[in-house]
1. Can you tell me how many residues in the stretch 48-83 are free of Cβ contacts under 8 Å to residues at least 60 places away in the same chain, within 15 Å of the chain's Cα centre (by Cα) and not in a strand (DSSP E or B)?
2. Which of the numbered conditions does residue 86 fail, given that it passes all the others? Conditions: (1) over 11 Å from the mean Cα position of the chain (by Cα); (2) part of a loop (DSSP other than H, G, I, E, B).
3. So for the stretch 102-115 (the condition being in a loop (DSSP other than H, G, I, E, B), more than 14 Å from the chain's Cα centre (by Cα) and surrounded by 15 or more Cβ atoms within 10 Å (Cβ to Cβ)), does at least one residue qualify?
4. Which of the residues spanning the stretch 89-101 are out of contact with any helix residue (DSSP H, G or I) (no Cβ under 8 Å at 6 or more places or on another chain) and part of a loop (DSSP other than H, G, I, E, B)?
């Protein structure tokens, strides 16, 4: 099972898939080539910093069932978060559109520890 974390630096979201540290399950993130990435049971497997949460609230909903982000509940009562792209993505929240049903749902609050590589990429490219 994978976990994901969302942090922020200089107004840019850092969305990243990380292996579950408790059991090491899942495919190596170096081998993933996905159109989109989905995290199931976000109450357990998605960490979001307070800084990132403020930016996620800025993301506008689009008209389609799919968007750069989707955060939705399933019939089993669990919440799921999806993003277009592979295991790591930097996102300007004002330049993307979420799925039309996008809402802030269950997650864990984590510290805003932005990886050095993401920090450098943001400072260079945004």
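The values are calculated or read from the model by the stated rules, or taken from the named source; none is laboratory data. These numbers were taken from a predicted model, which means no experiment stands behind them. We place every Cβ from the backbone using ideal geometry, glycine too, and count neighbours over all the protein chains shown.
1. Qualifying residue count for the region: 10.
2. The number of the failed condition is (1).
3. Yes, some residue in the stretch 102-115 is in a loop (DSSP other than H, G, I, E, B), more than 14 Å from the chain's Cα centre (by Cα) and surrounded by 15 or more Cβ atoms within 10 Å (Cβ to Cβ).
4. We begin by selecting, within the stretch 89-101, every residue out of contact with any helix residue (DSSP H, G or I) (no Cβ under 8 Å at 6 or more places or on another chain); these are 89, 91-92, 94-101.
Correct list: 92, 94, 95, 96, 99, 100, 101.
Conditions (1) closer than 13 Å to residue 8 by Cα; (2) at pLDDT 95 or above, marked per residue:
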position: 20; (1), (2): no, no
position: 26; (1), (2): no, no
position: 72; (1), (2): no, yes
position: 80; (1), (2): no, yes
position: 91; (1), (2): yes, yes
position: 95; (1), (2): no, yes
position: 99; (1), (2): no, yes
position: 119; (1), (2): yes, yes
